[in-house]
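Everything on this sheet refers to the single structure shown next.
The values are calculated or read from the model by the stated rules, or taken from the named source; none is laboratory data. Treat the numbers as computed from the prediction; the structure is a model and nothing was measured. Every residue, glycine as well, gets a Cβ built from its backbone with ideal geometry; the counts of neighbours run over all protein chains shown.
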Amino acid sequence: MELLGFTSWILLLFLTLVLICFLVYCGYIHYQHVKYDHIPGPPRDSFFFGHSKSIMKIMKTQLLYDLFLDWVQTYGPVVRINILHDVAILTVNPETVKEFLMSPKYKKDWFYNRLFSLFGVRFMGRGLVTDRDHDHWHKQRRIMDPAFSRTYLIGVMGPFNETAEKLMERLAEKADGSCHVGMHAMMSRVTLDVISKVAFGMEMNSLEDDRTPFPRAISLVMTAMVEMRNPFIRYSWEKQAFIRDVQESARLLRKTGRECIERRRKAIQDGEEIPMDILTQILKGADLEGDCDMEDLLDNFVTFFIAGQETTANQLSFTVMELARNPEILEKVQAEVDEVIGAKRDIDYDDLGKLQYLSQVLKEALRLYPTAPGTTRAIEEEIVVEGVRIPPKVSLMFNSYVMGRMEKFYPDPHVFNPDRFHPDAPKPYYSYFPFSLGPRSCIGQVFAQMEAKVVMAKLLQRYQFELVEGQSFRIMDTGSLRPMDGVVCRLRPRTNSGNTKKFN
């Protein structure tokens, strides 16, 4: 009896503690509501879960950012979003974008901590994208800058041309006017080969090897970044196989990075000639920092390996999709390529600057489909945006996708119109930031746009393409935006220009 009484007492104590914790949690949520409910926003789905139900529901059928766009158009330029006990503020005010993204004093928020690991397996860790410690990040960025200097970028035109040429050869096998070609899959492989070769000295040859596991591994970890928005995914039975695949993919990427780093270190020790590429800069950073271990090195390997492949592949795919939907624009950009490139096999660095209309096309694709659609910043002090008081200790969300589709900033925003980016057109005022802005903007954006220009110029030079019927044109969110249907096209060699002769 005494044992039974003691057990009952322990159980009662445990239930009391649970009840107290529950009441404290309820009180905290209520406090958050009182603190932020003066900020406009849609009605919460529930006291506990905030807008989570709406967000989870929309993610099953369409793009989350379309919901955000609807909320902005309904509730104004400052919108409150409740997720469990957390609050985030979405703003589409250009002056606020300028203030927070252009200044180094505002740090990335807690969201980037989620990318440290995926389901318990280290992922991006403290890499250049996820590092929230400004001093540590600044040191990393300064070390990396030489890998993206003008001199270095001119030197990578050779690998750009060689890898893009391999893509053209693969497409030639399918360019019979009837074969269905998934352009996103092809673009993913060419950008994977480029970043592997140019940044890390690896010959991935994914254009030739259909069995390579890396495209799938990258797709899985990117999808996981989105799935982790659901705080309960770890406890979902039906998601366990997916979680295991993601963990294995993260391990594969880091294992590959480890082997690559060890090969390069051995080459340095053996006195071999070493390229001044991204990998060399990562290792140089380790030497300067002193306390940088292998896991820290792998953080930046994974960061550049994924960012250098995924975003450029998606931009190229969306560009092909829109050009195929707009034949008059396709004809105009092909005419420019014919004039600048002619029948040359290799594109020169100086040629890229002359492809002005192609630049406009690529920029317009990023306006409608920013492959990295948004970023966040933490605010530590109270601010006022559009007359709305925003208390401290909250996350500010900035979204290039939402702002890029607002009539306020772009007339007829859903129309693909490269003339928006003509040199004489008004420059978008802090409403266009597909590579972010300011000191934390993407270090590789010039690299990415050079690569995109080379690949697109060769494609436009060689082929006509049209979309296979029945595609939805829906957008898939995998951390980066990608075309859901894969941009399936029929290709045929161009016959209406001087480019039918042999390339030399």
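Annotations for the structure displayed:
So that you can scan it fast, the table gives a plain yes or no per residue for (1) more than 25 Å from the chain's Cα centre (by Cα); (2) among the hydrophobic types (A, V, I, L, M, F, W, C):
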position	(1), (2)
Glu331	yes, no
Ala335	yes, yes
Asp351	yes, no
Tyr369	no, no
Arg389	yes, no
Lys393	yes, no
Met397	no, yes
Tyr401	no, no
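- In region 399-451, the residues that are out of contact with any Asp or Glu (no Cβ under 8 Å at 6 or more places or on another chain), without any contact (Cβ under 8 Å) to a residue 60 or more places away in the chain and more than 26 Å from Ser103 (Cβ to Cβ): Glu407, Pro411, Asp412, His414, Val415, Asp419, Asp424
- Any hit, region 264-271, residues being under 25 Å from the mean Cα position of the chain (by Cα), closer than 22 Å to Thr191 by Cβ and in contact (Cβ under 8 Å) with a residue 12 or more places away in the chain: no
- Filtering Arg126, Arg114 for residues that are at pLDDT below 90, under 25 Å from Ser436 (Cβ atoms), surrounded by 16 or more Cβ atoms within 10 Å (Cβ to Cβ) and among the basic types (Lys, Arg) leaves a single hit, Arg126.
- Within region 12-34, residues that are closer than 22 Å to Gly50 by Cα and modelled with pLDDT of 85 or more have Cβ atoms under 9 Å from residues that are surrounded by 10 or more Cβ atoms within 10 Å (Cβ to Cβ) and basic (Lys, Arg) in these pairs: His33/Arg44, counting only partners at least 6 apart in sequence or on another chain.
- Among the residues of this structure, Ile81 counts as one that is under 26 Å from Ala372 (Cα atoms), touching a residue at least 60 places away in the same chain (Cβ under 8 Å), outside any loop (DSSP other than H, G, I, E, B) and in contact with a Gly (Cβ under 7 Å, 6 or more places away or on another chain).
- Qualifying residue in region 90-103 (condition: under 30 Å from Ser249 (Cα atoms) and in contact (Cβ under 8 Å) with a residue 24 or more places away in the chain): no
- Looking across Glu364, Glu382, one residue alone is modelled with pLDDT of 90 or more, of a type in the set (Asp, Glu) and under 25 Å from the mean Cα position of the chain (by Cα). It is Glu364.
- Number of residues in region 153-167 that are more than 21 Å from Gln461 (Cα to Cα), touching a helix residue (DSSP H, G or I) at 6+ places or on another chain (Cβ under 7 Å) and surrounded by 15 or more Cβ atoms within 10 Å (Cβ to Cβ): the value is 1.
- Residues of region 44-75 that turn out to be in a loop (DSSP other than H, G, I, E, B) and either buried (at least 17 other Cβ atoms within 10 Å of the Cβ) or at pLDDT 95 or above (or both), as a count: 4
- Count - residues of region 76-88 that are in contact with a Ser or Thr (Cβ under 7 Å, 6 or more places away or on another chain) and either modelled with pLDDT of 90 or more or not β-branched (Val, Ile, Thr) (or both): 4
- Some residue of region 365-380 being in contact (Cβ under 8 Å) with a residue 24 or more places away in the chain, surrounded by fewer than 18 Cβ atoms within 10 Å (Cβ to Cβ), in a loop (DSSP other than H, G, I, E, B) and among the aromatic types (Phe, Trp, Tyr): no
- For region 231-259, filtered to residues that are at pLDDT 90 or above and aliphatic (A, V, I, L, M), the residue that is surrounded by the fewest Cβ atoms within 10 Å (Cβ to Cβ) is Ala241.
- Taking each residue of region 196-209 that is more than 17 Å from Arg258 (Cα to Cα) and touching a residue at least 24 places away in the same chain (Cβ under 8 Å) and looking for partners that are among the hydrophobic types (A, V, I, L, M, F, W, C) and in a loop (DSSP other than H, G, I, E, B) with beta-carbon atoms closer than 7 Å, six or more apart or interchain, yields Val198/Val156.
- Entry remark, region 240-263: residues being over 24 Å from the mean Cα position of the chain (by Cα) and of a type in the set (A, V, I, L, M) number 2 in total.
One line per residue, one yes/no per condition, for (1) over 17 Å from Ala452 (Cα atoms); (2) of a type in the set (A, V, I, L, M):
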{"residue": "Phe301", "(1), (2)": "yes, no"}
{"residue": "Phe305", "(1), (2)": "no, no"}
{"residue": "Gly308", "(1), (2)": "no, no"}
{"residue": "Thr311", "(1), (2)": "no, no"}
{"residue": "Ser317", "(1), (2)": "no, no"}
{"residue": "Leu323", "(1), (2)": "no, yes"}
{"residue": "Ile329", "(1), (2)": "yes, yes"}
{"residue": "Val340", "(1), (2)": "no, yes"}
{"residue": "Asp346", "(1), (2)": "no, no"}
